[in-house]
Amino acid sequence: MLGTLTAVLSNLVSNVPAVLMLKPFVDALKDHDTAWLVIAMASTFAGNFTVLGSIANLIVVQRAVASGVAIGFWDYFRVGAPLTVVTPKIGMLWLSL
């Protein structure tokens, strides 16, 4: 639940504000260390959702254009959205081991 909430918030308000918003709730959780790992993982992977989700995405798209390869918003989204759904789930499974 924490991973999903973090990913959604990260796409709504960006990663850093999302983490800051979640900080007070982590104090109430039993396992702080795992909670912070989940938040770090989910907020990072959430940046893959759209081309606007991370400055790194924008840099790659801009560099691609300079090399003659156009990556549009929807082209990116077709890959980024499913990737963002799958990778946090894998990460949460990994962290639960």
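The values are calculated or read from the model by the stated rules, or taken from the named source; none is laboratory data. Nothing here was measured: the structure is a model prediction, and the numbers come from that model. Every residue, glycine among them, receives a Cβ derived from its backbone with ideal geometry; neighbour counts consider all protein chains shown. We work out accessible area using only protein heavy atoms, side chains counted, and drop any ligands, DNA or RNA first. Shrake-Rupley method; radii C 1.70, N 1.55, O 1.52, S 1.80 Å.
Take the residues in the range 15-28 that are closer than 23 Å to Ile90 by Cβ and without any contact (Cβ under 8 Å) to a residue 24 or more places away in the chain, then tell me which one is surrounded by the most Cβ atoms within 10 Å (Cβ to Cβ).
Restricting to residues being closer than 23 Å to Ile90 by Cβ and without any contact (Cβ under 8 Å) to a residue 24 or more places away in the chain, the top hit is Leu22.
How many of the residues in the range 59-82 are of a type outside the set (Ser, Thr, Tyr), part of a helix (DSSP H, G or I) and over 20 Å from Ala18 (Cα atoms)? Qualifying residue count, the range 59-82: 15. Taken over the range 4-56, residues that are farther than 20 Å from Gly80 by Cα and not in a helix (DSSP H, G or I) amount to 5.
Residue-wise test of (1) within 13 Å of the chain's Cα centre (by Cα); (2) within 20 Å of Asn11 (Cα to Cα); (3) touching a residue at least 12 places away in the same chain (Cβ under 8 Å); (4) open to solvent by less than 90 Å² (accessible area, probe 1.4 Å).
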position: His32; (1), (2), (3), (4): no, no, no, yes
position: Val38; (1), (2), (3), (4): yes, yes, yes, yes
position: Ala42; (1), (2), (3), (4): yes, yes, yes, yes
position: Phe45; (1), (2), (3), (4): yes, yes, yes, yes
position: Ala56; (1), (2), (3), (4): yes, yes, no, yes
position: Gln62; (1), (2), (3), (4): no, no, no, no
position: Val69; (1), (2), (3), (4): no, no, no, yes
position: Pro82; (1), (2), (3), (4): yes, yes, no, yes
position: Ser96; (1), (2), (3), (4): no, no, no, yes
